[in-house]
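Written out below as structure tokens is the structure these notes cover.
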Amino acid sequence: MANTLAKTRKQIAKKRGTNNLVLHEKSRNTLRLHKAHVRDQRLEKLASARNKKEQPIADRVAYFQVNIKEKGGEPVDIPTVQELIEGYIAFAEEEHSEAKKERRPGRPASAKEDLMKMRLETLQKEHQQGFSLPDVTTTEGISALLLWEGNWSYLSNIPWIKVTKAGELRQSEFPSKGLI
């Protein structure tokens, strides 16, 4: 979280020798505070945009982490990986169908429903070409996945693979160009 405004306010108060900041409307210090406030807002906006972009990847990793824990934390074979991928896509299909059911008959699709449809199509296309996921076929990949606690920076330590619908497996790097 950006704290430029708090630092600037503290510096001005220290310089003036009081905690009561009564400033003239167009003074230098008021302009400094305004500039710091604008910078904080800009940084918060950038951080929220980055988090919004990174959230689908974190959700994907969390889904596979939960399912691997349920399977006992052991490496799985390709057919099991494909079942997990199909389960992930089925979850997106459920969300889309629920949004479709909520819509009144004869009404056009909402923007949210359109986004869900696009996400579902993207997932299905990715599944055909190679679905990116943490490596759950090796013990080192599983141990790294189970150590993940939700922070973005640790995701680069997890080995990644791509699995196609035909069953081909290949190594991948993080973050994949298709995901971000």
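The values are calculated or read from the model by the stated rules, or taken from the named source; none is laboratory data. All values reported here derive from a predicted model rather than from experimental measurement. Please note: Cβ atoms are built from the backbone with ideal geometry, for glycine as well, and neighbour counts cover all protein chains shown. SASA here: full protein model, heavy atoms, side chains in, ligands and nucleic acids out. Shrake-Rupley method; radii C 1.70, N 1.55, O 1.52, S 1.80 Å.
Here are some notes:
- Comparing H37, G141, L23 along the charge dipole axis of the chain, the residue lying farthest to the positive side is L23, per the Cβ-charge model.
- Rounded FRET efficiency, nearest 0.05, which uses the C-beta distance separating E94 from T138 and R0 of 22 Å: 0.15
- Set of lysines with alpha-carbon distance to K162 below 29 Å, sequence-local pairs under 8 removed: K52, K53, K69, K71, K112, K117, K125, K177
- Lysines with Cα under 24 Å of K35, excluding same-chain neighbours fewer than 8 positions away: K7, K10, K14, K15, K26, K45
- Using C-alpha pairs below 8 Å separated by at least 6 residues, the relative contact order for the stretch 42-180 is 28 percent.
- Estimated inter-spin distance, T18 and E102, nm [label 7 Å along Cα→Cβ]: 5.3
- The stretch 72-94 versus the stretch 27-62: alpha-carbon centroid distance in Å: 35
- Taken over the alpha carbons of the stretch 17-91 as equal point scatterers, the Debye sum produces base-10 log I(q)/I(0) values at 0.15, 0.18 Å⁻¹ of -0.69, -0.84.
- Summarising the label geometry, the points placed 7 Å from Cα in the beta-carbon direction at S48 and S153 lie 2.4 nm from one another.
- Between E83 and S27, the modelled label-to-label distance comes to 7.1 nm, taking each label 7 Å out from Cα in the direction of the beta carbon.
- In the chain, the calculated helix contribution to ellipticity at 222 nm averages -21000 deg cm²/dmol per residue, counting -39,500 (n - 2.57) for every DSSP H run with n ≥ 4.
- Excluding ligands, DNA and RNA, the accessible surface per residue across the chain is 68 Å² with a 1.4 Å probe.
- Cα-based values for the chain, radius of gyration first and Dmax second, are 23.7, 72 Å.
- Theoretical gain in end-to-end length, N67 to R39 [0.36 nm per residue, Cα-Cα removed]: 5.9 nm
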